[in-house]
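The values are calculated or read from the model by the stated rules, or taken from the named source; none is laboratory data. Given the structure is predicted, the values throughout are model-derived calculations rather than measurements. Here the Cβ is made from the backbone with ideal geometry for all residues, glycine too, and neighbour counts use every protein chain on show.
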Amino acid sequence: MSDMMVYRGNPFNEIEELGDGMFRLHMGPQHPISGQGRFIILTDGERVFDIEVDIGYSHRGTEKLLEHRTFIQGIVPVERMVMIDTANILMGYIGAVERILGVEPPPRANYIRTIVMEMNRIISHLYALGLLSESAAWNPAVFLWTTADREPFLDLLEMLTGARWSYSFFVPGGVRADIPRGFKERLLVTLDWFEKRIDVIEEAWIYNELFRMRTEGMGVISRQEAIEWGVAGPNLRASGVAYDTRKNEPYAAYGELDFKMVTHTAGDAYARGWARVEEMRVSVDIIRQAIENMPDGPVRVRVPQRAKPGEALFRVETSRGEMNVYIVSDGKDKPYRVKISPASFRNFLAIEMIPKTQTVLLADAPVLIYSFDPWFLDADR
Amino acid sequence: MVDIVGFVQANLPIFIKILLFPGLLFIFGFVIFAVWYQRKYLARIMLRMGPVHCGKRLGWLQLVADAMKLLTKELIIPRAANKIVFIVVTFLLPVIPAAMIAVIPFAPGYAIYPASGYSLLLFFAISTLFPVVGILRGWAANNKFTIIGAFRMIYLDIAGEIPVFLASTGVMIWAGTYDLQKIVELQRDMWFVFPQILGFIVFFIGFLGMIEKIPFDIPTAESELVYGPNTEYSGAMFLNMMLSDYANVLAWTLLMITLYFGGYNGPAIFPDPIVNGAFWIIVKLLIAISIIFTIMITYARLRIDQAIRMGWSYLLPLSLLNILLTIILKFFLFGGVA
Amino acid sequence: MNTQEAIEKLKNKFGEKILEASSPRENRLYIKVSNDALVEAAKYLREELGFDMAISAGGTDYPKKNVIELFWIIWSSTDNVTLILKTDVDRENPKIPTLRDIWLGVQKFERETWELLGVEYEGHPNLKPLLLPEDWNEGYPLRKDFKLEPYRAPWGDEEK
């Protein structure tokens, strides 16, 4: 009986006093919202004074792996970085490899790439919206809706590439296959259906009063701060910075298509969520244009095995933001050094900086984190 | 030698009330049904099927399977926890909602403890114990998530219970009694939700806070606090927590029905008044929990500061205004407050 | 401002300290400065030439030359030009002042480079393990002499 009452301190469970009733709350890596990372939150119970993002739980050393693989063997490790956004991530690597090998993919391949990437962007944004809604406690309703809405696009991608995820469809010098028969018709039907679904999501979720109460004015990043901290992607555009790699440094077929860049000025969590919904509309528009204006011709050209010594930097707009791949070659069939700077890695800095500039409550922390759409495997590499 | 059989025979009606209806069996039955119904109902809104493997398409055996799983699981008690309080609370907590249900009339003259004359006050008196035991479980687990959850529970209960009590004061004034039995009888012609519409709005919002469901599930907020004060409970202790959670929903929903929706009143379908009363109260209960579940799935969770501000700045003045209006109406239309 | 103008300005200002400067394609600017002029060059690039947003930082190990080539990738929001600012540090004693005070966005990238390449960024406030385990003491993985053998799969498909 007596030994039951003895307090045996558990170092992981103890309430560690930091003065003024402050303590560190470890959200993750075992937590409903944490994913594969950890957020160390300095709090007094309700107010958050500091967030520290602890990543690296799934570090695979992708950059080192790539140094030991030929250019084409590097596709698979790169692609595994973000399973939900494989095409856009892979485009960064493939684009840099093509630049250093000195080849240009044929125009038709560029258009097919554009379609695949935009479908991936829709899938990824749907997932991001679902997670944002769940972080604001929408029971998983919106999450499951958006998950279900991804399915037609996954089916289309399976039809085109043979796999629902990680299709390794892009290769240096083009894509692996041409579009199959019946794909265009099915794609157009899906797009018509999906535009109606965006309206539903917008009505149920974006205009929902309680959701606005939770997100409006929360986690505001001004234009100046966004540039200072190097925020990426829709988060950057929600703060009013007109940067979209698809516009600023066009790759694939984006230079030949006419589409809108979504920008907001509010810079809060609500604007970041809304920017994603609007970007899905833009993606639908891009896919329509690409499938209609697709030129004929080959989809793949031969590429040399070895690269000339030199370096190349390729910037690509993934769903989470701009990623850049910097390749140094020493004239072999393998890259000498690959530096991948993913978008999530940059957005984590903003998550850490926001509690230093404004009041964040504990309940805001998950909404704040998921309004950036973080992806730990991306940041861990 | 105590004559147990004789004692039971002499007090058979009260034993039936305690053990069958509206006591133990009814509460267990409701909790099991509510969990199943919530799963299936929310699943349909989320565009999925809900449990389908155990018990065919309806999945009715799933809950039995879940309960068996929880009962056979290892009980994990954190090393740093205060073990006695940690365990005792799990037995104490389901008792409180059950005691609250004891004063609710289910048919004319049919309540476990009628408490004639002060049953509404007794209900509120018992309900104040819930957060006290609640904070004990948060404290006993000695965990950061549970302690934050327990404090949030206190904040929310204070902000929510006062408007709820003041809103039901409007009903008390309108009816001129504290007796739930008489309040129900007075609603034979007109439900109190119509004359007390302002009070009902206040009551309903406060009520959502009292049952701690979305948009007010702030103490157990999953996205930041895992499961609030219940985080450390496992196995059968978790089952007890779940039971007390849903029994709490049952108790407050029954109070809402009794105060505003005519309690057991309804067209006489069954000849027996007890069966008839029970039938109508269960029908109203099902409609009410459907509405609660729909609200759960269509709204986001409020932040604690927003919820407290709502309680103190909007609900409290509105409930006081409601009392004033009730007194004026009663005074001018019906000639004086009873 | 186009990239040629920027190169001119930099050469006028820093002269010999600019070791290499090129613009192989539109919107790209490769600058290599000697490491003693790094901070002044970075300040000049930030304040006078408008390169304001840091998007990456890292390093490349050259054991044969006995240097580690560090780079910072900066984008100019006014001119839409991407700059790769490079400098060499000694491989045996890699120390360099941090550019975090100039571009806050490189903070995490510098921390990562410190961890994976062993470059000491002087003045960086938060140099502690990020991607690797806290008790890692097996060297710097991105250096070329890092031994992969213990981590290679037994059926390894990589060259010996």
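Annotations
- Hey, residue A:135 away from chain C (no Cβ under 14 Å) and more than 18 Å from residue A:284 (Cβ to Cβ) or not: yes
For every residue, the table says whether it meets (1) more than 14 Å from the chain's Cα centre (by Cα); (2) crowded, with 18+ Cβ neighbours inside 10 Å; (3) farther than 30 Å from residue B:166 by Cβ.
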position: B:227; (1), (2), (3): yes, yes, yes
position: B:246; (1), (2), (3): no, yes, no
position: B:250; (1), (2), (3): no, yes, no
position: B:260; (1), (2), (3): yes, yes, no
position: B:264; (1), (2), (3): yes, yes, no
position: B:280; (1), (2), (3): yes, yes, no
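Table: residues versus (1) under 10 Å from the mean Cα position of the chain (by Cα); (2) small (Gly, Ala, Ser); (3) surrounded by fewer than 19 Cβ atoms within 10 Å (Cβ to Cβ); (4) within 12 Å of chain A (Cβ to nearest Cβ).
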| residue | (1), (2), (3), (4) |
| --- | --- |
| C:67 | no, no, no, no |
| C:76 | no, yes, no, yes |
| C:83 | no, no, no, yes |
| C:88 | yes, no, no, no |
| C:111 | no, no, no, yes |
| C:123 | no, yes, yes, no |
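- Among the conditions (1) over 24 Å from residue A:233 (Cα atoms); (2) hydrophobic (A, V, I, L, M, F, W, C); (3) in a strand (DSSP E or B), the only one that residue C:127 does not satisfy is (3).
- Scanning segment A:231-247 for residues that are touching a residue at least 40 places away in the same chain (Cβ under 8 Å) and touching a Lys or Arg at 6+ places or on another chain (Cβ under 8 Å) yields A:231, A:232, A:233, A:234, A:235, A:243, A:244, A:245.
Yes or no, residue by residue, for (1) assigned to a helix (DSSP H, G or I); (2) closer than 25 Å to residue A:205 by Cβ; (3) without any contact (Cβ under 8 Å) to a residue 24 or more places away in the chain; (4) facing chain A (nearest Cβ under 10 Å):
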| residue | (1), (2), (3), (4) |
| --- | --- |
| B:288 | yes, no, no, no |
| B:297 | yes, yes, no, yes |
| B:301 | no, yes, no, yes |
| B:306 | yes, yes, yes, yes |
| B:311 | yes, no, no, no |
| B:315 | yes, no, no, no |
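- The residue that is nearest to the other protein chains (Cβ to nearest Cβ), among those in segment B:54-68 that are in contact with a helix residue (DSSP H, G or I) (Cβ under 9 Å, 6 or more places away or on another chain) and loosely packed, with under 14 Cβ neighbours inside 10 Å, is B:58.
- Within segment C:141-151, tally of residues that are without any contact (Cβ under 8 Å) to a residue 40 or more places away in the chain and either facing chain A (nearest Cβ under 10 Å) or in contact with a helix residue (DSSP H, G or I) (Cβ under 7 Å, 6 or more places away or on another chain) (or both): 4
- Answer residue from segment A:57-100, given it is under 27 Å from residue A:154 (Cα atoms) and among the small types (Gly, Ala, Ser) and is nearest to the chain's Cα centre (by Cα) among those: A:87
- Out of A:295, A:342, A:309, sole residue that is within 30 Å of residue A:69 (Cβ to Cβ) and touching a residue at least 40 places away in the same chain (Cβ under 8 Å): A:342
- In segment B:189-222, residue surrounded by the most Cβ atoms within 10 Å (Cβ to Cβ) [restricted to those that are free of Cβ contacts under 8 Å to residues at least 12 places away in the same chain and in a helix (DSSP H, G or I)]: B:222
- Residue among B:130, B:151, B:145, B:123 that is within 14 Å of chain A (Cβ to nearest Cβ) and either under 17 Å from the mean Cα position of the chain (by Cα) or surrounded by fewer than 22 Cβ atoms within 10 Å (Cβ to Cβ) (or both): B:151
- Consider segment A:96-124 and keep the residues that are crowded, with 22+ Cβ neighbours inside 10 Å and either in contact with an Asp or Glu (Cβ under 6 Å, 6 or more places away or on another chain) or of a type in the set (Gly, Ala, Ser) (or both). The one that is nearest to the other protein chains (Cβ to nearest Cβ) is A:96.
- Only one of A:145, A:165, A:205, A:193 that is modelled with pLDDT under 90 and either assigned to a loop (DSSP other than H, G, I, E, B) or away from every other protein chain (no Cβ under 14 Å) (or both): A:165
- For segment C:37-48, the count of residues that are surrounded by 23 or more Cβ atoms within 10 Å (Cβ to Cβ) and assigned to a strand (DSSP E or B) is zero.
- Strands (runs of 3 or more DSSP E) wholly inside segment A:246-355 that include at least 2 residues being of a type in the set (Ser, Thr, Tyr): A:321-329, A:335-341
- Filter result (over 16 Å from residue A:27 (Cβ atoms) and touching a residue at least 40 places away in the same chain (Cβ under 8 Å)) within segment B:137-151: B:137, B:138, B:139, B:140, B:141, B:142, B:150
- When each of A:277, A:262, A:284 is tested for being more than 12 Å from chain C (Cβ to nearest Cβ) and either small (Gly, Ala, Ser) or over 23 Å from residue A:186 (Cα atoms) (or both), the lone residue that passes is A:262.
- When the residues of segment A:255-282 are filtered to those that are of a type in the set (Ser, Thr, Tyr) and surrounded by fewer than 23 Cβ atoms within 10 Å (Cβ to Cβ), the one that is nearest to the chain's Cα centre (by Cα) is A:263.
- Options B:13, B:51, B:78: the member that is within 14 Å of chain A (Cβ to nearest Cβ) and either more than 16 Å from residue B:282 (Cα to Cα) or of a type outside the set (S, T, N, Q) (or both): B:78
- Residue tally, condition free of Cβ contacts under 8 Å to residues at least 24 places away in the same chain and surrounded by 24 or more Cβ atoms within 10 Å (Cβ to Cβ), over segment A:328-339: 0
- Within segment A:158-197, being farther than 20 Å from residue A:124 by Cα, free of Cβ contacts under 8 Å to residues at least 40 places away in the same chain and basic (Lys, Arg) holds for A:181, A:186.
- Residue B:35 touching a Gly at 6+ places or on another chain (Cβ under 8 Å), surrounded by 14 or more Cβ atoms within 10 Å (Cβ to Cβ) and of a type in the set (Val, Ile, Thr): no
- Qualifying residue in segment A:40-50 (condition: among the charged types (D, E, K, R), free of Cβ contacts under 8 Å to residues at least 60 places away in the same chain and surrounded by fewer than 19 Cβ atoms within 10 Å (Cβ to Cβ)): yes
- For segment A:357-381, filtering for residues that are surrounded by fewer than 24 Cβ atoms within 10 Å (Cβ to Cβ), more than 11 Å from chain C (Cβ to nearest Cβ) and charged (D, E, K, R) leaves 0.
- Residues that are within 13 Å of another protein chain (Cβ to nearest Cβ), free of Cβ contacts under 8 Å to residues at least 60 places away in the same chain and closer than 22 Å to residue C:117 by Cβ, drawn from segment C:32-61: C:32, C:54, C:55, C:56, C:57, C:58, C:60
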